[in-house]
Amino acid sequence: QVQLVESGGGLVQPGGSLRLSCRHPRMITSTFTMYDMRWYRQAPGKQRELVASISSGRSTVYADSVKGRFTISKDNSRKATYLQMNSLEPEDTAVYYCNMVSPKRSDEYWGQGIQVTVSS
């Protein structure tokens, strides 16, 4: 069963913006707080790549291809992570997946994947 719910994808023109949302509605807030959050994407014919991550301490890491354009955030009160995507390019077209990992790496959850298409 998919336990992370993603939303916010769709079709956007080059230069536009989208904000992806990923939520775990059933996890206890105190537990969610300790997890690291990640966004991956996979385009047709390409390997899955890590787009951005944010630790429980709010440290962030971005792929070079999205640095300066994408921003990852985490809202523990809403048990959610967000990916704000600005200045979108056709190369950003992919299925985006949310992922969360427990501190000991013993538990991992994935979203269902959501399509982002950047085209004129």
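Brief remarks on what is shown
- GLN3 sits among other residues whose Cβ lies under 14 Å from its own Cβ, and their net charge, with Lys and Arg +1 and Asp and Glu -1, is 0.
- Within the listed set SER56, SER73, SER30, the residue fluctuating most in the Gaussian network model of the chain (springs between alpha-carbon atoms under 10 angstrom) is SER30.
- Three-way shape call for segment 71-111 based on the alpha-carbon gyration tensor, with the a/c threshold at 1.5: oblate
- Contact order normalised by residue count of segment 3-116, Cα under 8 Å, 6+ apart, percent: 35
- When restricted to Cα atoms, segment 27-117 yields an Rg and a Dmax of 13.1, 39 Å, respectively.
- Inter-label distance, nm, simple model (7 Å from Cα along the C-beta direction), MET34/GLN47: 3.2
- For segment 1-49, the spread of Cα coordinates along the three principal axes comes to 39, 24, 20 Å, biggest extent given first.
- Heavy-atom surface of segment 36-120, accessible at 1.4 Å and reported per residue (Å²): 51
The values are calculated or read from the model by the stated rules, or taken from the named source; none is laboratory data. Being a predicted model, the structure only gives us computed values, none of them experimental. In this analysis, Cβ positions are derived from the backbone assuming ideal geometry, glycine residues included, and neighbour counts consider all displayed protein chains. Quick note on the areas: whole protein, heavy atoms, side chains included, nothing else; ligands and nucleic acids left out. Shrake-Rupley method; radii C 1.70, N 1.55, O 1.52, S 1.80 Å.
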